[in-house]
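The structure appears below as structure tokens.
The values are calculated or read from the model by the stated rules, or taken from the named source; none is laboratory data. Because the structure is a prediction, the values reported are computed rather than measured. Note that we place each Cβ from the backbone using ideal geometry, even for glycine, and neighbour counts take in every protein chain shown. Note: accessible area is taken over every heavy atom of the protein model, side chains too, but ligands, DNA and RNA are not part of it. Shrake-Rupley method; radii C 1.70, N 1.55, O 1.52, S 1.80 Å.
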Amino acid sequence: MNQTKKKNPLKRLLSMRGMGQVVTVTIGLIVLLVAFALINPNFWSPTNRTNLLRQIAPILIIGIAQSYVLITGNIDLSIGSVVGMSTMVAATLMSKGIMSPIPALLVTLLCCLLIGVLNGLLVAKFKLPPFIATLGTMTVARGIAQLVNGNYNTDSIMKFYPEAAQTFKNVFYYGKTLGLYNGIWIAIILWIVFNFLLSKTRTGRYIYATGSNIDAARLSGVNVVSTTVIAYVVSAFCSFVVGIITC
């Protein structure tokens, strides 16, 4: 009986839905890492490791964003365009001397959150299929990204506010803390915060309930509309952060 109990946790873990894909991907990743290390010994050098982590950080943040939306049973096609909009709005405001970095970030954040709220309302309130709703907002966000600077590249953000712009660049990309680039720390902090929100709070339980069975969740007293909006707002916020790192 005791031996059976000892085996249960591992069996339960392996029997979880999607765990097979996780194991497969993990094994594939390990094989790739070993192969690259054999091809080039510099692959595991400290400089290359930190650079790889810095490149992976935005993808991790995007993964956090999509996980919230996917758990509710929806999809967000606009996320890439929101990243582009975030980058272009912030860069244009700073490079043209319209705003210093902090006000520019606040305006950019507001624009991204508005897209998130719109996505949530279109899907949950107006019952549009998430594929159609977010395809539309994807076009809107992409259009804004092109319009804000006339569909051209921006100038350097160092032009009008050199000291503030240098601080901005160090905080979000070039600076290091404890030997790791700040972008990596941003990704880690966001993962901790949003993982806690998803696993330890009522909002997280509501998000899981909505994705599991939306009718049962509604009958149980879950505000499905606000829960869906929260998921899309999280997605938009993460897109904003990735856009700023890209900027």
Exercise. Would a scan of segment 62-75 turn up a residue that is crowded, with 19+ Cβ neighbours inside 10 Å, closer than 20 Å to TRP185 by Cβ and touching a Pro at 6+ places or on another chain (Cβ under 9 Å)?
Worked result: no
Seminar exercise, completed: Checked ILE230, ILE214, ILE245, ILE207 against criteria (open to solvent by 10 Å² or more (accessible area, probe 1.4 Å) and modelled with pLDDT of 95 or more); the one match is ILE230
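Each row is one residue, and each column tells you yes or no for (1) at pLDDT 90 or above; (2) closer than 30 Å to CYS111 by Cβ; (3) assigned to a helix (DSSP H, G or I).
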| position | (1), (2), (3) |
| --- | --- |
| LEU13 | no, no, yes |
| ILE27 | yes, no, yes |
| GLN66 | yes, yes, yes |
| GLY84 | yes, yes, yes |
| LEU93 | yes, yes, yes |
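Listed here are the residues, each with its yes/no results for (1) closer than 19 Å to ALA90 by Cα; (2) of a type outside the set (Gly, Ala, Ser).
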{"site": "LEU135", "(1), (2)": "no, yes"}
{"site": "GLN146", "(1), (2)": "yes, yes"}
{"site": "GLY150", "(1), (2)": "yes, no"}
{"site": "ALA165", "(1), (2)": "yes, no"}
{"site": "LEU178", "(1), (2)": "no, yes"}
{"site": "TYR181", "(1), (2)": "no, yes"}
{"site": "VAL193", "(1), (2)": "no, yes"}
{"site": "SER212", "(1), (2)": "no, no"}
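Residues are listed down the side, and each one gets a yes or a no for (1) under 27 Å from ILE230 (Cα atoms); (2) among the basic types (Lys, Arg):
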site	(1), (2)
PHE126	yes, no
ALA133	yes, no
VAL140	yes, no
GLY143	yes, no
ASN149	no, no
TYR152	no, no
GLU163	no, no
LYS169	no, yes
ASN182	yes, no
For this session: Scan segment 57-75 residue by residue and report those that are in contact (Cβ under 8 Å) with a residue 60 or more places away in the chain and over 11 Å from the mean Cα position of the chain (by Cα).
Result: LEU70, ILE71, THR72, GLY73, ASN74
Problem set entry | Close pairs from segment 21-44: first without any contact (Cβ under 8 Å) to a residue 60 or more places away in the chain, partner open to solvent by 70 Å² or more (accessible area, probe 1.4 Å) and aromatic (Phe, Trp, Tyr), Cβ under 7 Å, at least 6 apart | ALA37/TRP44; PHE43/PHE36
Exercise. Which helices (runs of 4 or more DSSP H) sit wholly inside segment 98-197 and have at least 1 residues that are among the basic types (Lys, Arg) and surrounded by 14 or more Cβ atoms within 10 Å (Cβ to Cβ)?
Worked result: 130-147, 162-169
Problem set entry | Candidate set from segment 11-51 (those that are over 30 Å from LYS176 (Cβ atoms) and basic (Lys, Arg)); member that is surrounded by the fewest Cβ atoms within 10 Å (Cβ to Cβ) | ARG17
